[in-house]
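Visitor: I am attaching a structure below and will ask some questions about it afterwards.
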Amino acid sequence: MVTRRFFDSLPFSWEGKSAETIQNDCCWLESITRNAAPFSDWWTKARIVQLAYPTPPHPPATTAEHLPTYAGLGSETAIAEVLQSLCSPEKYPDFHRKVNVEFVTETLNCWKLRQFSQAISRNFEVYADLEHPNTFLVTSTAPVSLEVDRQLPPSHRFRPLFNVDEFARIVQERDAKRISLRTHGYSSPASGFYESFTNEADELNRPDPATHARTLQDDHFYIGYQWPSEQPVTSPGLWADYRSHLGIVFKFLFVVSGIAGIFGTLLYIFLKLFGIPVLKLLGLLPGVAQVWEWTDFVDTVDLAVQWYWIVPTIFLLWTIVFLLLRVVVYLRDRYRAIHYGAPDLAEFFWRLDRALSNLAKSASNSPQAIETNAPTTSDRQLSLNLIGHSMGGLLVVTVLRILSDRFGKDDQGSLLPDPSSPVGEEADSIGEHLRLDTLILASPDIPLEFMREGRNNYVRSAMRRCRRIYLMSSDRDIVLRYLSTVSNWFSEPSIQMAGMRLGNLYLKPIRVSGSIQYRPYIRIMVHSERAVQPTSSYELFRKFNYLDCSEMRGDQGTGGVNAVAFSLNRFNGLLIDLINTTLFLFSIKKLDVHGGYFQTNTRSFQILKFLLTANFLADEVIKGEIEAMIAGTPIKFLPSESWVMPTSTADSTATGT
C-alpha cells in the first residue's frame, strides 16, 4: 500500500523560502550526509530530500561544494531508482529491500510535515566487519565537537548496516547465542580504536595452533562500541573550538583574570592595612625582636607588599592551568562518555531488543508458522558480556543504570557471590531477549566512593544485573592515580571521589591464621589504604573477581602495564612511577600503563579470551582455569567468595605496602 501524499508535487521548489531557511536546510542536510554512514537509514533519508530539490537559487558559500547532491528529480520512482543504482544488492541487501517508492514517499511526507527530526532520530550506527561475519561495530553519532565531522570506520573493512533491524535479522538468521561488547576509554580517537579493535577481532577469530579452534564461534558476536573521544592536544576539535569561538574564550579569560586581579588586590590591601601594622606591633614586644630578628622580618614583608602585582600575576597563571585542563580533554571525554556515549549505547540495546521482538512476532504470525504450528524464536535469549576499559567502565555501568530505569528498577539479581551452578538464576535480563552475564572492567575510571553505602547508584545496578564481574586493575596506573585526581578535583563532590579510583585497586598479601591471603587495597602516594571501609557496601566488594595486574608485563618483557621487575613498597613507589611514566610517554618497550590489558601478547588478554567463552562453565572450573593461566606470573587473583577484611592486628603482619 502506497503512503498517502501530503507534500507538494515533485520536484520540490525553493520558492517561498527565505534565504536564511534555505541556508539552514542545506547545511542540515549536508551535515547529515557528511557525518552519517553511507546507505544507512538516516543518510538515505537526507539524500531523498536532497534529490527532491533542485540546486538552490542563491546557495550559501558553505554549500557550494555539495551542490551536485541536489537533482530536482520529478518522481518518487526516479529518486528510488537513483539511490538503488549507487550500490549492489549483494553488499547492501537491506538497503535495496527497504528503499522503494513507499519509503521515499514516507520520507518526503515527514519532511513536509516537519517530522524529519523524528524520522532520522537514531543516535547510533551499526557496521558489519567484511572479514569476520561475527564481528560488528556500533558507533555513537555524536561528534567530538560541533566544529568537526565524525571519523567513520574504514570502508575497506566495515560496511554500514541499514539500521538495527538489519542487525537483528542477522542475529536471527545466524542463530546467535552470545554477544560480547567491548568499549574503549579516555583519549581514544576513532581511528585508534578502529585499528585496535580490528586487531582484537583478528586475534579472537584466529584458530589456535594446537586445537585449531577459534575463541569466537559463528554464533558468538563480538561488537566494538566507539563513543566520541579525542586525542589530547592534537585533536582538531580542540583548536576548531578556539578558532570558531574566540569571543567565548576571551570572555572566560576576562572573568578569570578579573577574579584573580580582585583577589590579589584584596590580599594587598589586607597586608598593607592590617598585616604590616600587626607585625610591627608584635615586634615591639620585649624579646620577640631578638628571638626572631623581627625588624628584618617586618621589612621583608613590607617589601613584598610593595611588589603586590606579583600576586595577581600568579593568579593569572591559573588561566593557563584551566586552559590546559581543556587541552588534556579528560573532562571533555568524561562529559561525552556520560551524556553521549552511555545514552546512545543504551538506545542500541533497547532498540535491538524491540527489533528481535518484532521479528519473533512476524515469525509467529506467518502463515507457515500458523499452519505447521512450528516453534518460534520469541523465547530467544542472547547471553551478553560487557567489557569496559577506563572511562568505558564508567560508561558501561551508566548504561546498566539507564537500562534499569527503562526495563524496571526492581533489582532481581543477587549480591551474593557467584553460584556454583553452570547457569545462575540471578542473572538479569534487558528486555525480553538480552540476558546479562559477564561484566569485565579493566582499569575502570570509577570513583571508589561509589562502592560506599549511599554512593553506589552506578555500581549497584551493575552488581545486581550481572552474573559475574571481573576487575582488572593496577596500582601503577599513573593515568588514574594522577591525571584523574587533578582533573576531577574541581568536579567531584568529595576529595575521596577525585583521588581514589576503582581501577587502582591491588591485592595486598595478608597473613591470616598462618597463611597468606589477598585483600583489596588502594595506593594513594607512598602509602596504602583499605579499599573496604566501615561505610562501604561490603556485598559489592564480595561480588568482584579481582585480577591484580600491577606487575604484569608482556611476552619477552615488552608491553603490558608495568616495566619494572621489582616489587613496590613505600620507599620505591614514586621511583617506579617515574620509570613507568618515562617509558610510557616515550613509547619505549610498547608499555601502556593504562591500556596494556588489551595487548594481544599479555596474559590479561589470554584471560579475557577465556572469559568470553566461559559463560556456561561453573565458577569452580573458571577459577581453576584462571589460576592455571596466571601460574608463574606476577598476576594475583582473588575470586568472588565470602572473605573478610583483616583486623588492625592482622593488618600489621601485611607484606609490602
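The values are calculated or read from the model by the stated rules, or taken from the named source; none is laboratory data. Fair warning: this is a prediction, and the values are worked out from it, not measured in the lab. Virtual Cβ from ideal backbone geometry, glycine too; neighbours counted across all protein chains shown.
Visitor: Which one of the conditions (1) modelled with pLDDT of 75 or more; (2) more than 13 Å from Glu432 (Cβ to Cβ); (3) aliphatic (A, V, I, L, M) does Ala369 fail to meet, given that it meets all the rest?
Guide: Ala369 satisfies every listed condition except (1).
Visitor: Right, another one. Out of segment 552-571, which residues are assigned to a loop (DSSP other than H, G, I, E, B) and either modelled with pLDDT of 90 or more or β-branched (Val, Ile, Thr) (or both)? Talk me through it step by step, then tell me what you get.
Guide: Residues of segment 552-571 that are assigned to a loop (DSSP other than H, G, I, E, B), as a first pass: 552, 554, 558-559, 561-571.
The answer is Met552, Thr558, Gly559, Val561, Asn562, Ala563, Val564.
Visitor: Inside segment 68-103, can you point out the residues that are over 28 Å from Asp129 (Cα atoms), in a helix (DSSP H, G or I) and of a type outside the set (Gly, Ala, Ser)? Give the steps one after another, and end with the answer.
Guide: Just the residues of segment 68-103 that are over 28 Å from Asp129 (Cα atoms), to begin with: 68-79, 101-102.
Retained after the next criterion (residues that are in a helix (DSSP H, G or I)): 68-69, 76-79, 101-102.
Within segment 68-103, Pro68, Thr69, Glu76, Thr77, Ile79, Val101, Glu102 meet the criteria.
Visitor: List the number of the failed condition for Phe39; all other conditions in (1) surrounded by fewer than 19 Cβ atoms within 10 Å (Cβ to Cβ); (2) at pLDDT 90 or above; (3) of a type in the set (A, V, I, L, M, F, W, C) hold.
Guide: Of everything listed in (1) surrounded by fewer than 19 Cβ atoms within 10 Å (Cβ to Cβ); (2) at pLDDT 90 or above; (3) of a type in the set (A, V, I, L, M, F, W, C), Phe39 misses just condition (1).
Visitor: Looking only at strands (runs of 3 or more DSSP E) that fall completely inside segment 158-254, which ones have 1 or more residues that are touching a Gly at 6+ places or on another chain (Cβ under 9 Å)? Break it down stepwise before answering.
Guide: Numbers: elements: 158-160, 178-183, 220-226.
The qualifying strands (runs of 3 or more DSSP E) are 178-183, 220-226.
Visitor: Here's another thing I want to ask about it. Could you say whether any residue in segment 180-188 is of a type in the set (D, E, K, R) and more than 22 Å from Ser40 (Cα to Cα)? Talk me through it step by step, then tell me what you get.
Guide: So in segment 180-188, the residues of a type in the set (D, E, K, R) come out as 182.
Pick out the ones that are also more than 22 Å from Ser40 (Cα to Cα) and you get 182.
Yes; the residues of segment 180-188 include at least one that is of a type in the set (D, E, K, R) and more than 22 Å from Ser40 (Cα to Cα).
Visitor: Can you name the residue in segment 387-433 that is of a type in the set (Asp, Glu) and within 20 Å of Lys543 (Cα to Cα) and is also modelled with the highest pLDDT among such residues? Spell out how you get there, then give the answer.
Guide: The first filter runs over segment 387-433 and keeps only residues of a type in the set (Asp, Glu), leaving 405, 410-411, 418, 425-426, 428, 432.
Okay, now just the ones that are also within 20 Å of Lys543 (Cα to Cα), so 410-411, 418, 425-426, 428.
On the way: Asp410: 52, Asp411: 50, Asp418: 44, Glu425: 43, Glu426: 47, Asp428: 72.
Only one residue tops the list, namely Asp428.
Visitor: What's the total number of residues in segment 270-281 that are surrounded by 13 or more Cβ atoms within 10 Å (Cβ to Cβ) and either under 44 Å from the mean Cα position of the chain (by Cα) or hydrophobic (A, V, I, L, M, F, W, C) (or both)?
Guide: Our first condition is that a residue be surrounded by 13 or more Cβ atoms within 10 Å (Cβ to Cβ); within segment 270-281, this holds for 271-272, 275-276, 279-280.
Those still in the list that are either under 44 Å from the mean Cα position of the chain (by Cα) or hydrophobic (A, V, I, L, M, F, W, C) (or both) too: 271, 276, 279.
Total satisfying the criteria: 3.
Visitor: Next up: Determine which single condition Glu627 fails, assuming it passes every other condition in (1) at pLDDT 95 or above; (2) acidic (Asp, Glu); (3) buried (at least 17 other Cβ atoms within 10 Å of the Cβ).
Guide: (3)
Visitor: Looking at Leu617, Leu568, Leu583, Leu612, which is the one that is crowded, with 16+ Cβ neighbours inside 10 Å and within 22 Å of the chain's Cα centre (by Cα)? Please lay out each step first, then the result.
Guide: On the way: Leu617 fails: within 22 Å of the chain's Cα centre (by Cα); Leu568 fails: within 22 Å of the chain's Cα centre (by Cα); Leu583 fails: within 22 Å of the chain's Cα centre (by Cα).
The conditions single out Leu612.
Visitor: Could you say whether any residue in segment 531-540 is out of contact with any strand residue (DSSP E or B) (no Cβ under 6 Å at 6 or more places or on another chain), modelled with pLDDT of 90 or more and either not basic (Lys, Arg) or not in a helix (DSSP H, G or I) (or both)?
Guide: First, pick out the residues of segment 531-540 that are out of contact with any strand residue (DSSP E or B) (no Cβ under 6 Å at 6 or more places or on another chain): 532-534, 537-540.
Within this subset, residues satisfying the condition of being modelled with pLDDT of 90 or more are none.
Scanning segment 531-540, I find no residue that is out of contact with any strand residue (DSSP E or B) (no Cβ under 6 Å at 6 or more places or on another chain), modelled with pLDDT of 90 or more and either not basic (Lys, Arg) or not in a helix (DSSP H, G or I) (or both), so the answer is no.
Visitor: Identify all residues within segment 147-162 that are more than 14 Å from Glu195 (Cβ to Cβ) and either over 19 Å from the mean Cα position of the chain (by Cα) or of a type in the set (Phe, Trp, Tyr) (or both); write none if there are none.
Guide: Within segment 147-162, Glu147, Val148, Asp149, Ser155, Arg159, Pro160, Leu161, Phe162 qualify.
Visitor: Let me ask something else about it. Looking at this structure, is Arg34 basic (Lys, Arg) and free of Cβ contacts under 8 Å to residues at least 24 places away in the same chain?
Guide: On the way: basic (Lys, Arg): yes; free of Cβ contacts under 8 Å to residues at least 24 places away in the same chain: no.
No: the conditions fail for Arg34.
Visitor: Determine which single condition Gly554 fails, assuming it passes every other condition in (1) surrounded by fewer than 16 Cβ atoms within 10 Å (Cβ to Cβ); (2) within 24 Å of Phe197 (Cα to Cα).
Guide: Here Gly554 meets the rest and fails (1).
Visitor: With respect to the numbered conditions (1) within 30 Å of Phe167 (Cα to Cα); (2) among the aliphatic types (A, V, I, L, M); (3) buried (at least 18 other Cβ atoms within 10 Å of the Cβ), which one is the sole condition not fulfilled by Ala213?
Guide: The failed condition is (3).
Visitor: Return the pairs, sorted by first residue and then second, in which the second residue is in a helix (DSSP H, G or I) and at pLDDT 90 or above, the first residue lies in segment 578-589 and is closer than 16 Å to Arg481 by Cα, the beta carbons are less than 6 Å apart, and the residues are 6+ apart or on different chains.
Guide: Once the first residue is closer than 16 Å to Arg481 by Cα and sits in segment 578-589, its partners that are in a helix (DSSP H, G or I) and at pLDDT 90 or above give Thr581/Ile478.
Visitor: Taking the criterion of being at pLDDT 90 or above and small (Gly, Ala, Ser), would at least one residue in segment 584-592 satisfy it?
Guide: no
Visitor: Would you mind stating whether Val164 is in contact with a helix residue (DSSP H, G or I) (Cβ under 8 Å, 6 or more places away or on another chain) and buried (at least 20 other Cβ atoms within 10 Å of the Cβ)?
Guide: Details: in contact with a helix residue (DSSP H, G or I) (Cβ under 8 Å, 6 or more places away or on another chain): yes; buried (at least 20 other Cβ atoms within 10 Å of the Cβ): yes.
The answer is yes for Val164.
Yes/no matrix, rows are residues, columns are (1) under 23 Å from Cys549 (Cβ atoms); (2) in contact with a Ser or Thr (Cβ under 6 Å, 6 or more places away or on another chain); (3) not in a helix (DSSP H, G or I):
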{"site": "Val459", "(1), (2), (3)": "yes, no, no"}
{"site": "Leu471", "(1), (2), (3)": "yes, no, yes"}
{"site": "Arg476", "(1), (2), (3)": "yes, yes, yes"}
{"site": "Leu480", "(1), (2), (3)": "yes, no, no"}
{"site": "Leu483", "(1), (2), (3)": "yes, no, no"}
{"site": "Val486", "(1), (2), (3)": "no, no, no"}
{"site": "Phe490", "(1), (2), (3)": "no, no, yes"}
{"site": "Ala498", "(1), (2), (3)": "no, yes, no"}
{"site": "Tyr518", "(1), (2), (3)": "yes, no, yes"}
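Visitor: Among the residues of segment 233-243 satisfying the criterion of being surrounded by fewer than 18 Cβ atoms within 10 Å (Cβ to Cβ) and at negative phi, which is farthest from the chain's Cα centre (by Cα)?
Guide: The initial filter retains those residues of segment 233-243 that are surrounded by fewer than 18 Cβ atoms within 10 Å (Cβ to Cβ), namely 233-234, 236, 239-240, 242-243.
Then keep just the ones that are at negative phi; that gives 234, 236, 239-240, 242-243.
Working: Thr234: 20, Pro236: 20, Trp239: 23, Ala240: 23, Tyr242: 25, Arg243: 27 Å.
Among them, the one singled out is Arg243.
Visitor: Sticking with this structure for a sec: If Gly503 meets every condition in (1) part of a loop (DSSP other than H, G, I, E, B); (2) under 22 Å from the mean Cα position of the chain (by Cα) apart from one, which number is that one?
Guide: Checking Gly503 against (1) part of a loop (DSSP other than H, G, I, E, B); (2) under 22 Å from the mean Cα position of the chain (by Cα), the one that fails is (1).
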